[in-house]
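Beneath this line is the structure, given in structure tokens, with notes to follow.
Any read-out appearing in this document is the output of simple, stated calculations on the displayed coordinates, not a laboratory observation. Small disclaimer: the values here were computed from a predicted structure and weren't measured. Note that we place each Cβ from the backbone using ideal geometry, even for glycine, and neighbour counts take in every protein chain shown.
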Amino acid sequence: MIRGLDLRIRPGEMIGLVGHSGSGKSTLVNLICRFYDVSEGAIRVDGTDIRSLPVSEYRRHIGLVLQEPFLFFGTIADNIAYGKPNATREEIIAAARAAHAHEFILRLPHGYDSLVGERGQALSGGERQRISIARALLIDPRILILDEATSSVDTATEKEIQKALDNLVQGRTTIAIAHRLSTLRKADRLVVMDRGKIVEVGGHEELMMRQGAYYKLYQAQARNVDAEADDLEPAGTTIEAPVHDVAVQ
């Protein structure tokens, strides 16, 4: 449950959502994507309540890169063009290049016309993820959601995927969730959540200096242990983030 949350995200800003399992990160992302609607308050994009927009129209402006990307039975090209079925082959290839997927696609038996099974069974986890990133690049979204985008791959593959993600987030309003906090250090702001509430907001260095909720999570992860939920929320903390573009109230 999300309670008393007030968060404003500026155009082109990258926000990292941080918190232990069950803190409300994924719930917030689901609300922003309109997988379901808020029962109280509102989520606004450029001042417009997203509930007033047709769902299909609204989602055309959102790019999703998830921990387990959805791939369907079809060609590589069809999977990349899922959100833009009228895309040209040149556009598909350009998106794949930016996603660092072009090289491995060319090594497949039929290149972009190679068939993949349900959920991309013929591809590795890193390859599936780069197809997902190419798909998001192709639709050129205004808002980008990254949900544990590198958590299911090894360190070497993660570096390749991170290069692709760097291309993807450039100039886009981005909301990222990652278990490995080190992958969010490039975020403009980190939003620490606990029990559906925001308990801290700031940059990595700033939050480490405060030695509050984020510091405890970071130190616990460095020691490979879980921080207790009761330890995260600083007493009497009130958060109001700066204004613009995406507002969750």
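Using the alpha carbon gyration tensor of the stretch 70-140, what are the three equivalent-ellipsoid semi-axes (square root of 5 times each eigenvalue), largest first, in whole Å?
16, 12, 11
Once you charge only the Cβ atoms, +1 for Lys and Arg and -1 for Asp and Glu, what is the size of the charge dipole of the chain about its Cα centre, to the nearest 20 debye?
Dipole of the chain, to the nearest 20 debye: 320 debye.
Can you give the Rg to Rh ratio of the stretch 1-93, both from alpha-carbon atoms, with Rh computed by the Kirkwood formula?
1.01
If I take all pairs of Cα atoms in the stretch 148-201, what percentage of them are more than 12 Å from each other? Working shown, then result.
On the way: 1010 of 1431 pairs.
That fraction is 71 percent.
Based on the Cβ-Cβ distance from Arg10 to Phe70, what FRET efficiency comes out when R0 is 30 Å, to the nearest 0.05?
0.50
Would you mind telling me the antiparallel percentage of the DSSP bridges in the chain, rounded to 5?
Bridges in the chain that DSSP calls antiparallel: roughly 45 percent.
Within 10 Å, count the other beta carbons around each residue, average over each peptide in 2-8, 196-202, and list them highest first.
Result, highest mean Cβ count within 10 Å first: 196-202, 2-8.
Sorted from fewest to most neighbouring beta carbons within 10 Å, what does the list Met14, Met1, Met193 look like?
Arranged by neighbour count, lowest to highest, Met14, Met1, Met193 become Met1, Met14, Met193.
Arrange Val55, Val65 by Cβ neighbour counts within 10 Å, fewest through most, would you?
Listing Val55, Val65 from fewest to most nearby Cβ atoms yields Val55, Val65.
Quick one: angle between helix 213-222 and the longest Cα principal axis of the chain, in degrees between 0 and 90, rounded to 10, please.
Computed tilt is about 50 degrees.
In square nanometres, what is one fourth of the surface area of the convex hull spanned by the alpha carbons of the stretch 87-188?
6.7 nm²
Nearest 20 debye, what's the magnitude of the dipole of the stretch 70-140 about its Cα centre given +1 on Lys and Arg Cβ and -1 on Asp and Glu Cβ?
140 debye
When we measure straight from the Cα of Lys216, which lysines land under 27 angstrom away, once same-chain ones fewer than 8 places off are left out?
In chain and number order, the partners are Lys25, Lys159, Lys186, Lys197.
Net charge near Glu206: determine it from the other residues with C-beta under 14 Å of the C-beta of Glu206, scoring Lys and Arg +1 and Asp and Glu -1.
0
Projected onto the charge dipole of the stretch 70-140 (+1 at Lys/Arg Cβ, -1 at Asp/Glu Cβ, origin at the Cα centre), which of Gly125, Leu108, Ile92 gives the Cα projection farthest towards the positive end?
Toward the positive end, the furthest listed residue is Gly125.
Taking other Cβ within 10 Å of each residue's Cβ, how do Leu108, Leu207 sort, fewest first?
Leu108, Leu207
Restricting to Cα pairs below 8 Å that are 6+ residues apart, what does the relative contact order work out to for the chain? Please round to a whole percent. Before the final figure, lay out each step's value.
Working: 461 pairs, mean separation 89.2, N = 249.
Relative CO of the chain lands at 36 percent.
Let me know the whole percent of all Cα-Cα pairs from the chain that are separated by more than 29 Å.
Of all Cα-Cα pairs in the chain, 32 percent lie more than 29 Å apart.
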